[in-house]
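The next block holds one structure in the form of structure tokens; read it before the comments.
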């Protein structure tokens with residue numbers, strides 16, 4: 001079976017490996033190299049790096065709407081296109097190219113969290129579970145019928161980064177099942193998504209990282225987990241901008257204005273919220289590194 005794989009971030013790499021183990025991956029499509037790091041040097045995507053290591057041809061078009069790009073893709077004669085967090089829209093003409101259609105690995109339990117940031121939005125919303133769906137692609141954004149799905153519980157303290165890594169492996173397992181069933185001729189019929197329970201996972205904006213102490217402690221604790229490792233939650237503490245890497249909600253009720261530091265000790269820094277108290281556990285000063293609350297307090301002795 002001839003497969004074209006399309007993906008960009010680390011989430012897609014386990015899926016590419018599975019595709020290589022079970023079929024002939026004739027090309028890997030990925031986003032163009034982007035500036036990264038302090039030096040802002042052009043950096044290849046994780047999928048590009050993996051493909052090059054395996055000797056797979058890499059293609060990095062800016063768009064798939066270009067007729068010449070479509071002709072080049074058609075010339076590969078793929079039986080199937082598999083995508084995972086690729087980042088480019090597939091026009092209808094591209095969807096019609098492979099003989100067996102186009103599959104997408106999506107990091108949510110569709111129809112919940114269609115869109116760009118399903119993993120972070122699930123953690124931010126305090127969802128109890130997430131998962132991966134293997135779906136048939138169509139013109140709508142993550143609206144296609146689902147072939148296979150696998151659910152997993154979200155840990156009470158799990159960050160989006162930790163969930164991301166687990167879902168990448170789950171996605172690879174789901175893809176492996178799908179390819180094996182397809183080759184055996186026993187692939188289940190794709191099931192249309194329910195029109196109920198649809199939610200959209202908008203792209204994460206850096207401005208969302210600023211914590212609003214008027215929200216409840218539970219909501220803020222979820223946001224801290226959701227924005228780890230990027231863009232990392234932040235707040236102003238004792239007049240200084242501080243990044244919050246880990247926090248937990250306390251059931252305490254205090255008579256203090258939201259944003260007021262109500263207690264400090266080696267266990268953390270307790271801040272009053274619109275409802276409840278948020279205990280800050282791991283913090284980072286500007287220009288510094290992330291440290292436990294006890295070390296942060298030692299560095300700012302007498303300022304709280």
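Here residue 193 meets the list (1) outside the structural domain of residue 122 (by TED's automatic domain parsing); (2) modelled with pLDDT of 95 or more; (3) surrounded by 20 or more Cβ atoms within 10 Å (Cβ to Cβ) almost entirely, failing just condition (1).
Each residue in region 92-112 was checked for being part of a loop (DSSP other than H, G, I, E, B) and under 15 Å from the mean Cα position of the chain (by Cα), and 5 of them qualify. As for region 66-73, it holds no residue that is in the same structural domain as residue 100 (by TED's automatic domain parsing), touching a helix residue (DSSP H, G or I) at 6+ places or on another chain (Cβ under 9 Å) and within 19 Å of residue 116 (Cα to Cα).
Return yes or no: is residue 283 touching a residue at least 60 places away in the same chain (Cβ under 8 Å) and outside any loop (DSSP other than H, G, I, E, B)? Even if it seems obvious, please write down each step before you answer.
Values: touching a residue at least 60 places away in the same chain (Cβ under 8 Å): no; outside any loop (DSSP other than H, G, I, E, B): yes.
The answer is no for residue 283.
Among the conditions (1) surrounded by fewer than 15 Cβ atoms within 10 Å (Cβ to Cβ); (2) more than 17 Å from residue 227 (Cβ to Cβ); (3) at pLDDT 95 or above, the only one that residue 133 does not satisfy is (1).
Of the residues in region 241-264, none is in a helix (DSSP H, G or I), under 20 Å from the mean Cα position of the chain (by Cα) and over 30 Å from residue 81 (Cα atoms). Taken over region 35-67, the criterion of being outside any loop (DSSP other than H, G, I, E, B) and either in contact (Cβ under 8 Å) with a residue 40 or more places away in the chain or surrounded by 12 or more Cβ atoms within 10 Å (Cβ to Cβ) (or both) is satisfied by 36, 43, 46, 47, 48, 49, 50, 51, 52, 58, 59.
Scanning region 240-259 for residues that are without any contact (Cβ under 8 Å) to a residue 40 or more places away in the chain and farther than 22 Å from residue 126 by Cα, we see that the one that is surrounded by the fewest Cβ atoms within 10 Å (Cβ to Cβ) is 255.
For region 144-157, name all the residues that are in contact (Cβ under 8 Å) with a residue 24 or more places away in the chain and surrounded by fewer than 17 Cβ atoms within 10 Å (Cβ to Cβ). Let's see the steps before the verdict.
Taking region 144-157 as the starting set, the residues that turn out to be in contact (Cβ under 8 Å) with a residue 24 or more places away in the chain are 144-151, 153-154, 157.
Of everything in region 144-157, those that are in contact (Cβ under 8 Å) with a residue 24 or more places away in the chain and surrounded by fewer than 17 Cβ atoms within 10 Å (Cβ to Cβ) turn out to be 145, 150, 151, 153, 157.
The values are calculated or read from the model by the stated rules, or taken from the named source; none is laboratory data. Computed from a prediction, not measured in an experiment: that's the story for all the values here. Here Cβ is always computed from backbone atoms with ideal geometry, including for glycine, and neighbour counts include all displayed protein chains.
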